[in-house]
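Note sheet for the following structure.
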Amino acid sequence: MNGLLLEEEYYNTIDAILKEDCVKQMQMYIQHGETTTYTHCLAVAYYSYRVCRLLPIHIDVRSVIRGALLHDLYLYDWHIHDDSHRLHGFYHPAVAFENANRLFELNRKEADIILKHMWPLTITRVPRCREALLVCLVDKFCSFFETIGLSYKRQFVFERIDE
């Protein structure tokens, strides 16, 4: 499969999700540094997808993209002190899962990705499939770059997406 067809696979998977109002709401919240939750989730989805294409093992690419795109669908500003999002790092995966599960039909791997993406912080929520482990690691990579203020973005990641 050539590169352009592979990119189409990515965009075809995210298009319907990005049209949902609640997903668009992620643009209102800052994730790390100056990066919105929306941009963060797009980056995690894209780089997870790219890693899938490099690995010589079978991975459910569609589940990786969908789970990564929805992994932080918690819809609040965790920087504002509020008891409802106290200990955000521990509890937001369950909130994101509830939101995503209400709006989308999630499969087992997508649920695992969303619920387990904060491992090892959430020590008892160990990823149970390779897709969840992959997204968990890419999430850490993207979060690190966002937190220290380095740009990992490349134009083609977002070129077809209206932010």
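Readers should treat all values here as calculations from the given coordinates under stated rules, not as data from a laboratory. This structure is a prediction, so every number in the text was calculated from the model and none was measured. Positions of Cβ are generated from backbone atoms using ideal geometry, with glycine treated the same way; all protein chains shown enter the neighbour counts.
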Measure off 7 Å from each Cα along the Cα-to-Cβ vector at residue 126 and residue 16, then give the distance between these two points in nanometres to one decimal.
3.4 nm
Once the Cβ-Cβ distance between residue 25 and residue 107 is put in as r, and R0 is 25 Å, what FRET efficiency do you end up with, to the nearest 0.05?
0.60
